[in-house]
Structure formats: C-alpha cells, structure tokens
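A.B. asks: Before I ask anything, let me first share the structure, which is written out below as structure tokens.
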Amino acid sequence: MLLTAAWVLGLIVVPQLRMIERAFIVDQRGDEAALVATEIERAYARVFAIDQDLLRAADGAAAPTAPSPFAPSPSSRATGAASPERTAALEAEKAEAQARIVELEAREAEIQAADRTTYALGNFTGMSRIHAWIFVSTLFYALCVTVLSFLACYPVAYAVATARRGERVALLMLGLVIPYAINELLRIFSWVMILEKQGILNGALDALGLIDMAAGEGVRFVASNGAVFVVMVYAYILFMVFPIYNTIETLDRNQIEAARDLGASAWRIHWRVVLPHAKPGIAVGAVMTFMLSAGSIAAPEIVGRGLHPDWFSQVIYRRFFESSNWNQGSAYALVLLVACVVFVLVVMKLFRVGIRDIAK
C-alpha cells in the first residue's frame with residue numbers, strides 16, 4: 001500500500017498538480033524568454049559543430065559521426081587537415097559563440113528575475129483557431145483509430161475466446177504477442193518502410209505490373225492520416241484485443257449454442273448475446289486505445305512527418321520543446337486530458353458500465 005501510494009503521489013498526483021498550476025500561469029513577458037532560450041540552444045549547437053571541425057582538423061580524418069541522432073551534425077566545410085588560418089578562424093568563431101552564450105544566459109536570468117506572471121486563463125483563451133481545429137481533428141482521429149481497432153480486434157478476440165483446442169489458442173495468442181517484443185519505434189519505422197514511396201508495398205505493386213517504380217511512379221501512402229491510423233491500430237491492438245478476449249472467455253458457450261438452436265443468425269447471436277456480455281471489455285479497450293491514440297507523439301511524428309495534418313500531441317510537443325512555452329504547453333495538455341476524461345465518462349455511460357464492471 002505504501003509503494004502504491006508513493007507511485008500514485010510521486011508519478012501522477014504531483015506532476016498533474018504542477019501541470020495544472022502552470023496551465024493557469026500567464027507570462028506577461030511575451031515570447032522573449034522563449035526566443036532567448038532558443039538562441040542559447042542554437043549557440044551551443046554551433047559551439048559543438050565547431051569543436052567537431054577542430055577535432056577533424058587536428059586528426060586530418062573524415063567527419064566524425066554525431067554522438068546521437070539528436071545532436072547537430074558537424075560542419076562539412078572541412079574534410080581533411082585544415083590550414084592554420086582556417087583553425088584560427090574556427091577558434092575565433094567559437095570564442096564569439098561562447099561570448100554570445102554568456103550574454104544570452106545573462107539576459108535569460110534577467111528576464112526570469114523580472115517576475116511578470118499572473119494567474120489567468122490567457123493560456124486557454126489564447127489558443128489560435130488553427131490549434132483549436134487541430135485539437136478537434138485529433139479527437140476525431142483518435143475516435144477513428146478506436147473504431148478501426150475494434151473492427152479489427154473483435155473477430156480475433158472472439159475466435160481466440162471460443163477456440164476449443166488449447167494448442168490453437170496458444171498459437172493465436174503467441175502470434176499476437178510476439179511482434180510486441182520489438183520496440184514500438186522499430187515497429188513504427190517498419191511500417192514507414194512498407195508505406196513509403198520506395199517501400200515494400202509499392203515494390204509489390206511494381207512486381208504486379210500496376211506501377212513502374214523505375215519511371216518514378218508510386219504512391220506515397222505515408223502522406224495521409226490513413227497511414228497513421230493503420231500504424232496506431234497495429235501499435236495498440238493488444239489494448240483492444242485482450243480486454244474483449246477476457247470478457248468473451250467468461251461467456252457461457254451454452255448461450256451461443258441455445259441461440260443457434262433457436263434459429264438466430266450469426267449476426268443476431270453477436271448482437272444479442274456476445275456483444276452485450278463483452279461490453280465491459282469493449283469499454284476498457286475503447287478507453288485505452290482512444291487515450292493512447294490521442295496522446296501519441298511517435299506515430300504522427302514519424303509516419304509521413306509534414307505530409308499529413310498535424311495531431312494535437314505534436315502541437316503540445318512544440319509548445320514545450322521548440323517554443324519553450326511550458327505554460328501554454330501545460331494548458332494544451334490539460335485540455336487534452338479533460339477531453340480524454342470526458343470520453344471515458346461518455347463511454348461508460350453509453351455502454352452502461354461502472355468502475356466495478358471495468359475492474360472485473
């Protein structure tokens with residue numbers, strides 16, 4: 001109980017309370033602090049690039065690889081041993097960049113010292129029309145992913161739950177679980193390799209003679225939200241399959257046999273017998289899938305980045321890490337959180353299930 005309380009308090013309650021507080025803090029200094037922070041990051045990136053150039057010049061070797069995919073790549077102006085003049089120019093540029101960093105950090109401290117913040121609703125009311133539209137669109141996109149996940153998972157869950165042979169059940173479950181032993185990012189990148197213009201799917205169409213990739217033909221499937229939907233359905237399929245499977249497995253199969261003996265069609269058996277019994281599992285799967293989809297950043301950011309409409313999670317990410325506007329980012333995140341909570345309540349109302357039913 002103590003560990004659970006510490007988990008809930010330290011990782012859920014305290015961060016959420018801090019986020020809520022920041023959502024209502026309006027910084028009257030405008031975007032000056034964010035602009036200064038961005039300039040500092042650029043100056044540090046330039047110093048790093050110059051250091052790489054100097055190392056390469058000293059070694060007379062090829063350009064080293066950046067230590068991480070998030071670090072800036074070294075400048076490509078020098079490919080071998082540099083002249084003394086070139087080295088001196090780099091040293092002077094580095095000194096200038098470091099002096100600029102000191103100046104900017106002093107300005108940042110000065111801005112932060114001038115406390116011009118107040119509690120208000122400005123972070124919410126200041127949401128642009130474009131961001132509001134992206135927010136509404138994201139909720140619709142997440143709902144589409146949820147519906148598609150249910151349509152794809154219900155037949156699978158029913159087949160596994162009603163399978164009579166234990167070996168078949170084990171194989172089906174193993175087939176579902178094995179792909180998820182791979183990191184989520186790798187699974188997303190594998191879909192990019194399938195759906196890109198030079199990807200596997202276009203290669204198959206080319207092999208069938210439907211397109212000519214050598215002539216530049218091909219469909220860039222990633223340039224649509226449909227591709228993001230497919231990737232998310234695949235990424236979160238287990239969160240829909242297992243809750244539905246768990247509820248259908250508790251259904252007395254004699255009810256299905258009785259309905260079939262009374263002449264009910266397959267559709268009517270599912271509509272009147274199976275689906276009503278599986279309502280708690282469907283509700284749990286819908287809630288999990290919707291919340292994961294609405295808050296996902298990896299799939300919409302990686303699959304066809306810049307080629308399809310933005311998701312609200314991308315807007316939140318940019319508020320936090322590109323604009324350095326944590327207060328507005330917290331407000332946007334709080335709006336998304338409230339929308340997800342409302343969705344949970346609506347699902348519970350529509351399916352007529354309570355917390356106790358979902359817990360079962």
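A.B. asks: What percent does the relative contact order of the chain come to when contacts are Cα pairs within less than 8 Å and at least six residues apart? Numbers along the way, then the final one.
C.D. replies: On the way: 379 pairs, mean separation 81.1, N = 360.
Computed value for the chain: 23 percent relative contact order.
A.B. asks: To the nearest 0.05, how large is the calculated FRET efficiency for GLN16 and LYS349 if R₀ is 25 Å and r is the Cβ-Cβ distance?
C.D. replies: Details: r = 24 Å, r/R0 = 0.96.
FRET efficiency, GLN16 to LYS349: 0.55.
A.B. asks: Taking Cα centroids, how far is the range 178-208 from the range 301-360 in Å?
C.D. replies: Distance between centres, Cα-based: 27 Å.
A.B. asks: Per DSSP H run of at least 4 residues, take -39500 (n - 2.57); add these up for the chain, divide by its residues and hand me the 222 nm value, nearest 500 deg cm²/dmol. If you can, show how the numbers build up before the last one.
C.D. replies: Numbers: 18 runs with 243 residues, N = 360.
Mean residue ellipticity, 222 nm, calculated: -21500 deg cm²/dmol.
A.B. asks: For the pair GLU103 and ASP357, how long in nm is the line joining their label points, each one 7 Å along Cα→Cβ?
C.D. replies: Taking the two extended label points, one gets 6.6 nm.
A.B. asks: Return ILE316, ILE130 ranked ascending by Cβ neighbour count within 10 Å, so the fewest neighbours appear first.
C.D. replies: Values: ILE316 23, ILE130 10.
Fewest to most other Cβ atoms nearby, the residues stand as ILE130, ILE316.
A.B. asks: Let me ask you something else. If the only charges are +1 at each Lys and Arg Cβ and -1 at each Asp and Glu Cβ, what is the size of the charge dipole of the chain around the Cα centre, to the nearest 20 debye? Before the final figure, lay out the partial values.
C.D. replies: On the way: 31 positive and 32 negative charges, 360 e Å.
Approximately 1740 debye in magnitude.
A.B. asks: So, one more: Kirkwood hydrodynamic radius for the range 194-305: how many Å is it when counted over pairs of different Cα atoms?
C.D. replies: Working: mean 1/r = 0.0582 Å⁻¹.
One over the average 1/r among Cα pairs gives 17.2 Å for the range 194-305.
A.B. asks: Still on this structure, I have one more. So how far apart, in nm, are the two label points at THR87 and ARG268 if each is 7 Å from Cα heading toward Cβ?
C.D. replies: According to this spin-label approximation, the distance is 9.0 nm.
A.B. asks: Going Cα to Cα from LYS94, which aspartates and glutamates come in below 19 Å? Please leave out same-chain ones fewer than 8 positions away.
C.D. replies: Of all the aspartates and glutamates, those that pass the test against LYS94 - Cα under 19 Å, at least 8 places apart if same chain - are GLU39, GLU41, ASP51, ASP53, ASP59, GLU85, GLU103, GLU105.
A.B. asks: Taking 0.36 nm per intervening residue step and subtracting the Cα-Cα distance, what contour gain separates ASP212 from GLU249 on full extension?
C.D. replies: Details: separation 37, 0.36 × 37 = 13.32 nm, distance 4.85 nm.
Gain on stretching ASP212 to GLU249: 8.5 nm.
A.B. asks: Projected onto the charge dipole of the range 124-359 (+1 at Lys/Arg Cβ, -1 at Asp/Glu Cβ, origin at the Cα centre), which of GLY295, ALA264, MET213 gives the Cα projection farthest towards the positive end?
C.D. replies: Of the listed residues, the answer is ALA264.
A.B. asks: Can you give the extra length, in nm with one decimal, that the chain gains between LEU185 and ARG165 once fully stretched, where that is 0.36 nm per residue apart less the Cα-Cα distance?
C.D. replies: Values: separation 20, 0.36 × 20 = 7.20 nm, distance 3.47 nm.
Extra length from LEU185 to ARG165 when fully extended: 3.7 nm.
Values quoted throughout were computed directly from the atomic coordinates according to the rules given, and no laboratory measurement underlies them. Quick caveat, the model's predicted, so the values are computed rather than measured. Counting neighbours? That spans all protein chains shown, and the Cβs are built from the backbone with ideal geometry, glycine included.
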